[in-house]
Amino acid sequence: MKSKEIYLDNGATTKVDPEVIKAMLPYFDKEYGNASSAHTLGVNAKNAIDKARGTIAESINAKPEEIVFTSGGTESDNLAIQEIAYPNRDKRNHIITTKVEHKAIINTCKFLEKDGFKVTYLDVDKEGFVNPDALEKAITNKTILVSIIHGNSETGTIQNLEELGKICKKHDVYFHIDACQSYTKTEIDVQKQNLDLVTMSGHKIHGPKGVGALYVRKGTNIHPLVHGGDQEFKLRPGTENVSGIAGFAEAVKLADKKYIGYMTKLRDKLIEGVLKIPDVKLNGPKSARLCNNTNFSFKGIEGEAVVGRLDVEGVCSSTGSACSEKSLEPSYILTAIGLSDEEANGSIRLTLSRFTKEEEIDYVLKVLPEVVRTLRKISPFGG
């Protein structure tokens with residue numbers, strides 16, 4: 001049995017805050033009514049959803065009626081992309097995204113390409129940033145939607161939304177961002193940044209799994225992805241996950257801005273310490289980076305091997321996005337920023353949370369150099 005368990009895979013999912021669990025519990029055995037019912041328990045459930053909707057809306061400077069609750073980030077991404085694309089395809093059938101998106105975006109766009117839509121996948125620079133000029137040049141009179149990940153799950157790159165949003169507004173193109181990694185960790189203001197659709201997820205911010213939201217600007221021509229009842233403004237039918245929604249909102253309320261500074265301090269300490277190991281490089285930018293994200297490439301060894309050895313030492317890490325973790329191919333996100341296959345395969349991601357302790361970072365910086373030395377001694381790559 002491991003003597004330690006240090007969780008540095010918060011980019012994949014997070015521990016549910018005990019206060020979130022407490023906020024969810026009444027909706028399992030006391031306030032368990034269906035929010036569509038007219039009796040007291042039903043009204044109480046609806047009130048809980050309305051209150052949560054207000055919390056999410058306020059956090060991004062939106063209106064409550066612009067928040068649609070979903071099952072999570074992947075559903076929100078699909079709703080945003082497919083159901084903007086199809087209702088508008090007679091006039092405009094071109095979508096712009098990037099080569100460093102989450103698979104929920106990439107694979108949805110590939111699906112639409114098979115159905116006749118045109119998709120442009122923008123390149124990014126060596127730190128993962130989109131060139132605003134390249135975005136503007138890619139827009140045509142057939143472009144309906146631009147979808148760009150806000151905070152990248154692997155490189156931690158935070159895009160300049162205000163600059164990109166101005167371009168989309170100038171050309172009358174819908175602008176969608178996947179904010180699953182960035183939500184509550186950096187500013188999102190749908191008015192200032194000219195955002196039309198924003199994907200958010202509960203389990204990335206110490207909320208429960210199975211709940212998320214999509215911000216949809218009022219007046220957006222969007223249709224439901226599935227069909228049924230009138231829930232969620234007729235955009236997401238089905239009985240609402242009241243406990244999950246209440247927990248999601250509680251997680252948002254608990255995400256105090258002071259934690260951004262705390263995580264940034266630990267992140268920078270981790271980066272500084274890991275870069276002291278010979279033949280290591282930081283993937284992604286040093287600034288304009290998610291406060292909890294680090295990603296490193298180790299010359300001459302496989303990232304999978306580093307993750308395995310760290311696990312033995314009681315440290316949970318990953319080689320990239322949890323949705324791509326089982327793939328044997330090098331990370332398409334890391335190769336898109338210019339890494340070789342060898343460098344991409346030699347990478348690991350360490351992602352923190354507000355529950356991460358400084359002594360845990362100290363422990364990682366103690367064991368990781370020895371893990372790397374040991375693996376390089378036995379590496380067939382000549383490390």
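The values are calculated or read from the model by the stated rules, or taken from the named source; none is laboratory data. What you are looking at is a predicted structure, and each value in this text was computed from that prediction instead of being measured. Note that each Cβ is placed from the backbone with ideal geometry, even for glycine, and that neighbours are counted across all protein chains shown.
Where in the stretch 84-179 are there strands (runs of 3 or more DSSP E), lying wholly inside it, with at least 1 residues that are at positive phi? Don't jump to the end; show me each part of the working.
Working: elements: 94-98, 118-122, 143-149, 174-178.
In the stretch 84-179, there are no strands (runs of 3 or more DSSP E) which contain 1 or more residues that are at positive phi.
Which of the residues belonging to the stretch 241-269 are free of Cβ contacts under 8 Å to residues at least 12 places away in the same chain and of a type in the set (A, V, I, L, M, F, W, C)? Correct list: empty.
For Ala255, are the conditions met, namely being within 17 Å of the chain's Cα centre (by Cα) and surrounded by fewer than 17 Cβ atoms within 10 Å (Cβ to Cβ)? When the stated conditions are applied, Ala255 does not pass them. Any residue at all in the stretch 196-208 that is surrounded by 23 or more Cβ atoms within 10 Å (Cβ to Cβ), in contact with a Gly (Cβ under 6 Å, 6 or more places away or on another chain) and more than 22 Å from Thr351 (Cβ to Cβ)? No, because not a single residue in the stretch 196-208 is surrounded by 23 or more Cβ atoms within 10 Å (Cβ to Cβ), in contact with a Gly (Cβ under 6 Å, 6 or more places away or on another chain) and more than 22 Å from Thr351 (Cβ to Cβ). For the stretch 332-376, enumerate the residues that are among the charged types (D, E, K, R) and either without any contact (Cβ under 8 Å) to a residue 24 or more places away in the chain or part of a strand (DSSP E or B) (or both). Within the stretch 332-376, Asp341, Arg349, Lys357, Glu359, Asp362, Lys366, Glu370, Arg373 meet the criteria.
Restrict the check to the stretch 56-64 and report whether at least one residue is over 21 Å from the mean Cα position of the chain (by Cα), touching a residue at least 40 places away in the same chain (Cβ under 8 Å), surrounded by 14 or more Cβ atoms within 10 Å (Cβ to Cβ) and more than 29 Å from Ala12 (Cβ to Cβ). Steps first, please.
The first filter runs over the stretch 56-64 and keeps only residues over 21 Å from the mean Cα position of the chain (by Cα), leaving 63-64.
So of that shortlist, the ones also touching a residue at least 40 places away in the same chain (Cβ under 8 Å) come out as 63.
Remaining after also requiring surrounded by 14 or more Cβ atoms within 10 Å (Cβ to Cβ): 63.
With the extra rule that they be more than 29 Å from Ala12 (Cβ to Cβ), the set shrinks to 63.
Yes, there is a match, as at least one residue in the stretch 56-64 is over 21 Å from the mean Cα position of the chain (by Cα), touching a residue at least 40 places away in the same chain (Cβ under 8 Å), surrounded by 14 or more Cβ atoms within 10 Å (Cβ to Cβ) and more than 29 Å from Ala12 (Cβ to Cβ).
Every residue, every condition in (1) of a type in the set (Ser, Thr, Tyr); (2) at pLDDT 95 or above; (3) under 21 Å from Val20 (Cβ atoms), yes or no:
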| residue | (1), (2), (3) |
| --- | --- |
| Leu195 | no, yes, no |
| Ser201 | yes, yes, yes |
| Gly207 | no, yes, yes |
| Gly229 | no, yes, no |
| Val252 | no, yes, yes |
| Leu282 | no, yes, no |
| Phe298 | no, yes, no |
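For the stretch 326-344, state whether one or more residues are of a type in the set (Asp, Glu), within 22 Å of the chain's Cα centre (by Cα) and under 16 Å from Thr13 (Cβ atoms). No, that holds for no residue.
Here's the yes/no breakdown for (1) out of contact with any Leu (no Cβ under 7 Å at 6 or more places or on another chain); (2) farther than 25 Å from Lys234 by Cα; (3) not assigned by TED's automatic domain parsing to the domain that holds Thr55:
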residue	(1), (2), (3)
Asp178	yes, no, no
Glu187	yes, yes, no
Gln191	yes, no, no
Asp196	yes, no, no
Thr199	no, no, no
Gly212	yes, no, no
Val216	no, no, no
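Annotation note: Cβ proximity below 8 Å between a residue of the stretch 290-315 that is at positive phi and a residue that is part of a strand (DSSP E or B) (sequence gap 6+ or interchain) occurs for Gly314/Ile6.
May I ask you to say which residue of Ala80, Ala104 is touching a helix residue (DSSP H, G or I) at 6+ places or on another chain (Cβ under 8 Å) and crowded, with 18+ Cβ neighbours inside 10 Å? Exactly one of Ala80, Ala104 is touching a helix residue (DSSP H, G or I) at 6+ places or on another chain (Cβ under 8 Å) and crowded, with 18+ Cβ neighbours inside 10 Å, namely Ala104.
Would the stretch 185-193 turn up any residue that is outside any loop (DSSP other than H, G, I, E, B) and either touching a Pro at 6+ places or on another chain (Cβ under 9 Å) or touching a residue at least 12 places away in the same chain (Cβ under 8 Å) (or both)? Give the derivation first.
Going residue by residue through the stretch 185-193, those that are outside any loop (DSSP other than H, G, I, E, B) are 186.
Going one step further and asking which of them are either touching a Pro at 6+ places or on another chain (Cβ under 9 Å) or touching a residue at least 12 places away in the same chain (Cβ under 8 Å) (or both), we end up with 186.
Checked against the condition, which is being outside any loop (DSSP other than H, G, I, E, B) and either touching a Pro at 6+ places or on another chain (Cβ under 9 Å) or touching a residue at least 12 places away in the same chain (Cβ under 8 Å) (or both), the stretch 185-193 yields at least one hit.
You will find that of Phe248, Phe233, the residue that is of a type in the set (Phe, Trp, Tyr) and in contact with a Gly (Cβ under 8 Å, 6 or more places away or on another chain) is Phe248 and no other.
In the stretch 10-30, the residues that are modelled with pLDDT under 95 never reach a residue that is aliphatic (A, V, I, L, M) with C-beta atoms less than 8 angstrom apart, at least six apart or across chains. When the stretch 225-252 is filtered for residues that are among the aliphatic types (A, V, I, L, M) and surrounded by fewer than 14 Cβ atoms within 10 Å (Cβ to Cβ), only Val226 remains.
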